[in-house]
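Here the structure comes first, spelled out in C-alpha coordinates, and everything after it is commentary.
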Amino acid sequence: MIIIGEKINGSIPSTAKAIAARDETYIRGLARRQAECGAEYLDVNAGTTPEQERDTLRWLISLVQDEVDTPICIDSSNPEVILEMIPGVKKPGMINSVSDEARKCERLFPHVAKSEWKIIALTCDDNGIPTDPDVKYSVARTIIEKAAVHGIARDRLFVDALVNTIGTTPEAQISFSAAVREIKRTWPEVHITSGLSNISFGMPFRKAINMSFLTLAMRAGMDSAIMDPTDRDMLGMLYATQVLLAQDEDCVDYLMAYRDGLFGAKKS
Ligand code: THG
(Lines give C-alpha, C1' and ligand atoms only; values in the text may rest on other atoms or scores of the structure.)
Protein backbone atom coordinates (compact mmCIF):
# COMPACT_ATOMS: atom_id res chain seq x y z
CA MET A 1 0.00 0.00 0.00
CA ILE A 2 1.18 3.45 -0.90
CA ILE A 3 0.26 5.67 2.02
CA ILE A 4 -0.35 9.37 1.44
CA GLY A 5 -0.24 11.16 4.81
CA GLU A 6 -3.28 13.41 5.21
CA LYS A 7 -2.50 15.43 8.31
CA ILE A 8 -1.05 18.63 6.81
CA ASN A 9 -4.46 19.91 5.85
CA GLY A 10 -5.91 23.26 6.86
CA SER A 11 -9.39 21.80 7.15
CA ILE A 12 -8.25 19.89 10.26
CA PRO A 13 -8.88 22.36 13.13
CA SER A 14 -5.55 21.72 14.93
CA THR A 15 -3.58 22.11 11.69
CA ALA A 16 -5.59 25.23 10.79
CA LYS A 17 -4.60 26.75 14.13
CA ALA A 18 -0.94 26.01 13.49
CA ILE A 19 -1.18 27.51 10.00
CA ALA A 20 -2.86 30.67 11.30
CA ALA A 21 -0.12 31.06 13.94
CA ARG A 22 2.62 30.10 11.42
CA ASP A 23 3.68 27.48 13.97
CA GLU A 24 6.68 25.89 12.24
CA THR A 25 7.37 23.36 14.98
CA TYR A 26 3.88 21.91 14.79
CA ILE A 27 3.92 21.49 11.00
CA ARG A 28 7.44 20.04 11.04
CA GLY A 29 6.25 17.55 13.67
CA LEU A 30 3.34 16.45 11.49
CA ALA A 31 5.70 15.93 8.55
CA ARG A 32 8.25 13.97 10.58
CA ARG A 33 5.75 11.76 12.40
CA GLN A 34 3.90 10.82 9.23
CA ALA A 35 7.17 10.06 7.43
CA GLU A 36 8.31 7.90 10.35
CA CYS A 37 5.04 5.99 10.19
CA GLY A 38 5.67 5.04 6.57
CA ALA A 39 3.91 7.70 4.51
CA GLU A 40 5.38 7.61 0.98
CA TYR A 41 3.89 11.01 0.13
CA LEU A 42 2.76 13.89 2.33
CA ASP A 43 -0.45 15.58 1.25
CA VAL A 44 -0.30 19.35 1.71
CA ASN A 45 -3.61 21.20 1.59
CA ALA A 46 -3.93 24.84 2.65
CA GLY A 47 -7.63 24.56 3.42
CA THR A 48 -7.85 28.33 3.45
CA THR A 49 -9.59 30.97 1.40
CA PRO A 50 -8.51 31.12 -2.27
CA GLU A 51 -6.69 34.43 -1.61
CA GLN A 52 -4.49 32.87 1.06
CA GLU A 53 -4.03 29.49 -0.59
CA ARG A 54 -0.84 30.29 -2.52
CA ASP A 55 1.02 31.86 0.40
CA THR A 56 -0.06 29.13 2.78
CA LEU A 57 0.91 26.32 0.42
CA ARG A 58 4.29 27.89 -0.31
CA TRP A 59 5.00 28.15 3.40
CA LEU A 60 3.83 24.59 4.13
CA ILE A 61 5.77 23.09 1.22
CA SER A 62 9.02 24.81 2.14
CA LEU A 63 8.74 23.62 5.74
CA VAL A 64 7.87 20.05 4.84
CA GLN A 65 10.70 19.62 2.37
CA ASP A 66 13.14 21.19 4.80
CA GLU A 67 12.10 18.68 7.48
CA VAL A 68 11.81 15.41 5.50
CA ASP A 69 12.73 13.93 2.11
CA THR A 70 9.28 12.41 1.61
CA PRO A 71 7.78 13.70 -1.65
CA ILE A 72 4.90 16.14 -1.46
CA CYS A 73 1.36 15.65 -2.72
CA ILE A 74 0.07 19.10 -3.71
CA ASP A 75 -3.61 19.13 -2.79
CA SER A 76 -5.57 21.92 -4.45
CA SER A 77 -8.72 22.01 -6.54
CA ASN A 78 -7.21 24.89 -8.52
CA PRO A 79 -4.89 23.76 -11.36
CA GLU A 80 -3.35 27.24 -11.56
CA VAL A 81 -2.26 26.98 -7.93
CA ILE A 82 -0.79 23.52 -8.53
CA LEU A 83 1.18 24.80 -11.53
CA GLU A 84 2.54 27.71 -9.50
CA MET A 85 3.72 25.40 -6.70
CA ILE A 86 5.57 22.87 -8.86
CA PRO A 87 8.74 24.94 -9.48
CA GLY A 88 9.22 25.36 -5.72
CA VAL A 89 9.08 21.63 -5.00
CA LYS A 90 12.50 19.96 -4.83
CA LYS A 91 11.56 16.58 -6.25
CA PRO A 92 8.59 15.23 -8.17
CA GLY A 93 5.71 14.13 -5.95
CA MET A 94 2.00 13.99 -6.61
CA ILE A 95 -0.59 16.32 -8.03
CA ASN A 96 -3.89 16.09 -6.16
CA SER A 97 -5.86 16.31 -8.32
CA VAL A 98 -7.23 16.34 -11.82
CA SER A 99 -10.74 15.29 -12.80
CA ASP A 100 -12.70 15.39 -16.01
CA GLU A 101 -14.12 18.81 -15.09
CA ALA A 102 -13.28 22.34 -16.13
CA ARG A 103 -10.52 21.32 -18.56
CA LYS A 104 -8.18 20.40 -15.70
CA CYS A 105 -6.45 17.61 -17.61
CA GLU A 106 -5.89 19.89 -20.59
CA ARG A 107 -4.36 22.53 -18.31
CA LEU A 108 -2.10 20.23 -16.26
CA PHE A 109 -1.07 17.30 -18.45
CA PRO A 110 1.15 19.26 -20.92
CA HIS A 111 3.18 20.63 -17.99
CA VAL A 112 3.81 17.33 -16.24
CA ALA A 113 3.89 14.97 -19.22
CA LYS A 114 7.69 14.89 -19.38
CA SER A 115 8.27 14.64 -15.65
CA GLU A 116 8.03 12.03 -12.92
CA TRP A 117 5.07 13.66 -11.17
CA LYS A 118 2.32 11.22 -10.19
CA ILE A 119 -1.26 12.33 -10.76
CA ILE A 120 -4.37 11.66 -8.69
CA ALA A 121 -7.38 11.48 -11.01
CA LEU A 122 -10.82 11.93 -9.45
CA THR A 123 -13.66 10.13 -11.16
CA CYS A 124 -15.90 13.17 -11.42
CA ASP A 125 -16.76 15.53 -14.24
CA ASP A 126 -18.95 18.58 -14.78
CA ASN A 127 -21.98 16.46 -13.88
CA GLY A 128 -20.67 16.01 -10.31
CA ILE A 129 -19.66 12.96 -8.27
CA PRO A 130 -21.14 9.76 -9.68
CA THR A 131 -22.47 6.95 -7.50
CA ASP A 132 -22.88 4.48 -10.38
CA PRO A 133 -19.75 2.31 -10.77
CA ASP A 134 -20.13 2.32 -14.56
CA VAL A 135 -19.97 6.11 -14.56
CA LYS A 136 -16.92 6.13 -12.23
CA TYR A 137 -15.30 3.68 -14.64
CA SER A 138 -16.11 5.70 -17.75
CA VAL A 139 -14.75 8.93 -16.20
CA ALA A 140 -11.58 7.02 -15.27
CA ARG A 141 -11.33 5.85 -18.89
CA THR A 142 -11.67 9.40 -20.20
CA ILE A 143 -8.85 10.68 -17.96
CA ILE A 144 -6.61 7.66 -18.63
CA GLU A 145 -7.05 8.21 -22.37
CA LYS A 146 -6.29 11.94 -22.07
CA ALA A 147 -3.11 11.07 -20.13
CA ALA A 148 -2.09 8.61 -22.86
CA VAL A 149 -2.37 11.34 -25.48
CA HIS A 150 0.36 13.19 -23.56
CA GLY A 151 2.48 10.07 -23.22
CA ILE A 152 1.90 9.83 -19.46
CA ALA A 153 2.59 6.24 -18.38
CA ARG A 154 -0.36 4.52 -16.72
CA ASP A 155 1.59 3.74 -13.58
CA ARG A 156 1.85 7.47 -12.90
CA LEU A 157 -1.92 7.67 -12.49
CA PHE A 158 -3.71 7.16 -9.17
CA VAL A 159 -7.43 6.93 -9.82
CA ASP A 160 -9.53 8.08 -6.86
CA ALA A 161 -12.88 6.42 -7.48
CA LEU A 162 -14.47 8.91 -5.05
CA VAL A 163 -16.20 6.98 -2.33
CA ASN A 164 -19.69 8.26 -1.55
CA THR A 165 -21.19 8.51 1.94
CA ILE A 166 -23.17 5.55 3.29
CA GLY A 167 -25.58 8.00 4.94
CA THR A 168 -26.84 9.11 1.53
CA THR A 169 -25.68 6.18 -0.64
CA PRO A 170 -26.16 2.87 1.19
CA GLU A 171 -24.30 0.96 -1.54
CA ALA A 172 -21.32 3.37 -1.41
CA GLN A 173 -18.72 0.69 -0.65
CA ILE A 174 -20.22 -1.78 -3.15
CA SER A 175 -20.14 0.82 -5.94
CA PHE A 176 -16.63 1.94 -5.08
CA SER A 177 -15.28 -1.61 -5.06
CA ALA A 178 -17.10 -2.51 -8.28
CA ALA A 179 -15.53 0.48 -10.02
CA VAL A 180 -12.09 -0.36 -8.60
CA ARG A 181 -12.29 -3.97 -9.77
CA GLU A 182 -13.24 -2.97 -13.31
CA ILE A 183 -10.56 -0.27 -13.52
CA LYS A 184 -7.88 -2.68 -12.26
CA ARG A 185 -9.08 -5.39 -14.65
CA THR A 186 -8.82 -3.05 -17.64
CA TRP A 187 -5.64 -1.17 -16.67
CA PRO A 188 -3.66 -3.24 -14.12
CA GLU A 189 -0.83 -0.67 -14.03
CA VAL A 190 -3.08 2.14 -12.87
CA HIS A 191 -3.00 2.72 -9.11
CA ILE A 192 -6.15 3.21 -7.06
CA THR A 193 -6.36 5.54 -4.09
CA SER A 194 -9.01 7.11 -1.91
CA GLY A 195 -9.62 9.06 1.27
CA LEU A 196 -10.81 6.70 4.01
CA SER A 197 -13.17 8.93 5.95
CA ASN A 198 -15.74 10.10 3.37
CA ILE A 199 -17.57 6.78 3.67
CA SER A 200 -18.59 7.33 7.31
CA PHE A 201 -19.67 10.99 7.23
CA GLY A 202 -22.35 11.69 9.84
CA MET A 203 -22.04 8.29 11.55
CA PRO A 204 -20.99 7.58 15.15
CA PHE A 205 -17.73 5.70 15.75
CA ARG A 206 -16.55 6.48 12.25
CA LYS A 207 -13.29 4.63 12.70
CA ALA A 208 -14.96 1.19 12.67
CA ILE A 209 -16.54 2.00 9.33
CA ASN A 210 -13.35 3.55 7.92
CA MET A 211 -11.29 0.49 8.90
CA SER A 212 -13.78 -1.95 7.44
CA PHE A 213 -13.89 0.16 4.28
CA LEU A 214 -10.10 0.00 4.00
CA THR A 215 -10.17 -3.80 4.20
CA LEU A 216 -12.91 -4.21 1.60
CA ALA A 217 -11.38 -1.63 -0.76
CA MET A 218 -7.97 -3.35 -0.57
CA ARG A 219 -9.69 -6.62 -1.43
CA ALA A 220 -11.13 -4.93 -4.53
CA GLY A 221 -7.69 -3.73 -5.62
CA MET A 222 -7.12 -0.35 -3.96
CA ASP A 223 -3.35 -0.07 -3.50
CA SER A 224 -3.02 3.40 -1.99
CA ALA A 225 -4.85 5.49 0.61
CA ILE A 226 -4.92 9.09 1.76
CA MET A 227 -4.96 8.49 5.49
CA ASP A 228 -3.54 9.24 8.92
CA PRO A 229 -0.48 6.94 9.15
CA THR A 230 -0.05 7.83 12.83
CA ASP A 231 -3.36 6.08 13.57
CA ARG A 232 -2.02 2.85 15.08
CA ASP A 233 -5.30 0.90 14.85
CA MET A 234 -5.74 1.81 11.19
CA LEU A 235 -2.12 0.94 10.41
CA GLY A 236 -2.38 -2.45 12.14
CA MET A 237 -5.49 -3.20 10.10
CA LEU A 238 -3.71 -2.19 6.90
CA TYR A 239 -0.69 -4.41 7.50
CA ALA A 240 -2.89 -7.32 8.62
CA THR A 241 -4.99 -7.03 5.48
CA GLN A 242 -1.86 -7.11 3.30
CA VAL A 243 -0.88 -10.37 5.02
CA LEU A 244 -4.33 -11.90 4.49
CA LEU A 245 -4.40 -10.87 0.83
CA ALA A 246 -0.99 -12.53 0.30
CA GLN A 247 0.54 -9.15 -0.52
CA ASP A 248 3.20 -9.42 2.17
CA GLU A 249 5.60 -12.28 1.55
CA ASP A 250 6.64 -14.06 4.75
CA CYS A 251 4.74 -11.30 6.63
CA VAL A 252 7.92 -9.23 6.44
CA ASP A 253 6.25 -5.83 6.27
CA TYR A 254 3.83 -6.72 9.08
CA LEU A 255 6.62 -7.96 11.33
CA MET A 256 8.91 -5.00 10.62
CA ALA A 257 6.19 -2.42 11.18
CA TYR A 258 5.30 -4.16 14.44
CA ARG A 259 8.93 -4.31 15.49
CA ASP A 260 9.24 -0.60 14.70
CA GLY A 261 6.31 0.05 17.04
CA LEU A 262 3.99 1.44 14.33
CA PHE A 263 1.05 -0.55 15.76
CA GLY A 264 0.25 -2.78 18.72
CA ALA A 265 0.67 -1.92 22.37
CA LYS A 266 2.89 1.12 22.91
CA LYS A 267 6.25 0.19 24.36
CA SER A 268 7.19 2.38 27.31
N1 THG B 1 -9.38 12.33 -2.18
C2 THG B 1 -8.32 13.08 -2.61
N3 THG B 1 -7.79 14.06 -1.86
C4 THG B 1 -8.33 14.35 -0.66
C5 THG B 1 -9.43 13.62 -0.17
C6 THG B 1 -9.95 12.58 -0.96
N7 THG B 1 -7.79 15.35 0.10
C8 THG B 1 -8.44 15.81 1.29
C9 THG B 1 -9.16 14.66 1.99
N10 THG B 1 -9.96 13.91 1.08
C11 THG B 1 -8.17 13.74 2.62
N12 THG B 1 -7.57 14.36 3.78
C13 THG B 1 -8.16 14.34 5.03
C14 THG B 1 -7.51 15.02 6.03
C15 THG B 1 -8.01 14.98 7.32
C16 THG B 1 -9.15 14.29 7.61
C17 THG B 1 -9.81 13.62 6.61
C18 THG B 1 -9.30 13.63 5.31
C19 THG B 1 -9.67 14.23 9.00
N20 THG B 1 -8.77 14.19 10.00
C21 THG B 1 -9.15 14.20 11.40
C22 THG B 1 -7.99 14.73 12.21
O23 THG B 1 -6.84 14.60 11.81
O24 THG B 1 -8.27 15.28 13.28
C25 THG B 1 -9.50 12.83 11.90
C26 THG B 1 -8.45 11.81 11.68
C27 THG B 1 -8.86 10.46 12.20
O28 THG B 1 -9.71 10.34 13.08
O29 THG B 1 -8.28 9.49 11.72
O30 THG B 1 -10.86 14.18 9.23
O31 THG B 1 -10.91 11.87 -0.60
N32 THG B 1 -7.78 12.78 -3.80
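Restricted to region 164-196, and to residues there that are in a loop (DSSP other than H, G, I, E, B) and free of Cβ contacts under 8 Å to residues at least 24 places away in the same chain, the residue that is least open to solvent (accessible area, probe 1.4 Å) is Pro188.
The criterion of being away from the ligand (no atom under 12 Å from the Cβ) and either acidic (Asp, Glu) or under 18 Å from Gly5 (Cα atoms) (or both) holds for Ile27.
If I filter region 179-198 for residues that are touching a Pro at 6+ places or on another chain (Cβ under 6 Å) and within 24 Å of Asp75 (Cβ to Cβ), do I get at least one hit?
Within region 179-198, one or more residues are touching a Pro at 6+ places or on another chain (Cβ under 6 Å) and within 24 Å of Asp75 (Cβ to Cβ).
Residue-level check: of (1) within 16 Å of the ligand (Cβ to nearest atom); (2) within 18 Å of the chain's Cα centre (by Cα), Glu189 misses just (1).
Checking every residue in region 80-96 against the condition of being surrounded by fewer than 22 Cβ atoms within 10 Å (Cβ to Cβ), within 16 Å of the ligand (Cβ to nearest atom) and in contact (Cβ under 8 Å) with a residue 40 or more places away in the chain gives zero matches. Of the residues making up region 1-27, those that are surrounded by 19 or more Cβ atoms within 10 Å (Cβ to Cβ) and either among the hydrophobic types (A, V, I, L, M, F, W, C) or touching a residue at least 60 places away in the same chain (Cβ under 8 Å) (or both) are Met1, Ile3, Ile4, Gly5, Glu6, Lys7, Ile8, Asn9, Ala18, Ile19, Ile27.
Quick grid of which residues meet (1) within 12 Å of the ligand (Cβ to nearest atom); (2) closer than 22 Å to Val159 by Cβ; (3) surrounded by fewer than 19 Cβ atoms within 10 Å (Cβ to Cβ):
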position: Phe201; (1), (2), (3): yes, yes, yes
position: Thr215; (1), (2), (3): no, yes, yes
position: Ala225; (1), (2), (3): yes, yes, no
position: Asp228; (1), (2), (3): yes, yes, no
position: Ala240; (1), (2), (3): no, no, yes
position: Val252; (1), (2), (3): no, no, yes
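Does region 140-149 include one or more residues that are within 15 Å of the ligand (Cβ to nearest atom), in contact with a strand residue (DSSP E or B) (Cβ under 7 Å, 6 or more places away or on another chain) and modelled with pLDDT of 95 or more? Don't jump to the end; show me each part of the working.
Initially, region 140-149 is screened for residues within 15 Å of the ligand (Cβ to nearest atom), giving 140, 143.
Filter once more, keeping what is in contact with a strand residue (DSSP E or B) (Cβ under 7 Å, 6 or more places away or on another chain): 140, 143.
Remaining after also requiring modelled with pLDDT of 95 or more: 140, 143.
The answer is yes; a qualifying residue exists.
Hey, can you tell me all the residues within region 138-152 that are in a loop (DSSP other than H, G, I, E, B) and open to solvent by 50 Å² or more (accessible area, probe 1.4 Å)? Within region 138-152, His150, Gly151 meet the criteria.
Return the residues of region 254-263 that are more than 16 Å from the ligand (Cβ to nearest atom) and either open to solvent by 40 Å² or more (accessible area, probe 1.4 Å) or touching a residue at least 60 places away in the same chain (Cβ under 8 Å) (or both); say none if nothing qualifies. Full working, then the answer.
Taking region 254-263 as the starting set, the residues that turn out to be more than 16 Å from the ligand (Cβ to nearest atom) are 254-261.
Across region 254-263, the qualifying residues are Tyr254, Leu255, Met256, Ala257, Tyr258, Arg259, Asp260.
The set of residues in region 66-79 that are buried (at least 19 other Cβ atoms within 10 Å of the Cβ) and of a type outside the set (A, V, I, L, M, F, W, C) comprises Thr70, Pro71, Asp75, Ser76, Pro79.
Based on what the data block shows, is Val68 hydrophobic (A, V, I, L, M, F, W, C), touching a residue at least 12 places away in the same chain (Cβ under 8 Å), more than 25 Å from Ser197 (Cα to Cα) and touching a helix residue (DSSP H, G or I) at 6+ places or on another chain (Cβ under 7 Å)? Against the criterion (hydrophobic (A, V, I, L, M, F, W, C), touching a residue at least 12 places away in the same chain (Cβ under 8 Å), more than 25 Å from Ser197 (Cα to Cα) and touching a helix residue (DSSP H, G or I) at 6+ places or on another chain (Cβ under 7 Å)), Val68 qualifies.
Whenever a residue of region 211-232 is free of Cβ contacts under 8 Å to residues at least 40 places away in the same chain, its partners that are surrounded by 24 or more Cβ atoms within 10 Å (Cβ to Cβ) and part of a helix (DSSP H, G or I), lying with C-beta atoms within less than 8 angstrom and at least six residues away or across chains, give the pairs Leu214/Leu238.
The values are calculated or read from the model by the stated rules, or taken from the named source; none is laboratory data. Note that the structure is a prediction, hence the values are computed from the model and not measured. Using ideal geometry, Cβ is built from the backbone for each residue, glycine included, and neighbour counts are taken over all protein chains shown. The accessibility values were calculated without ligands, DNA or RNA, using every heavy atom of the protein model including side chains. Shrake-Rupley method; radii C 1.70, N 1.55, O 1.52, S 1.80 Å.
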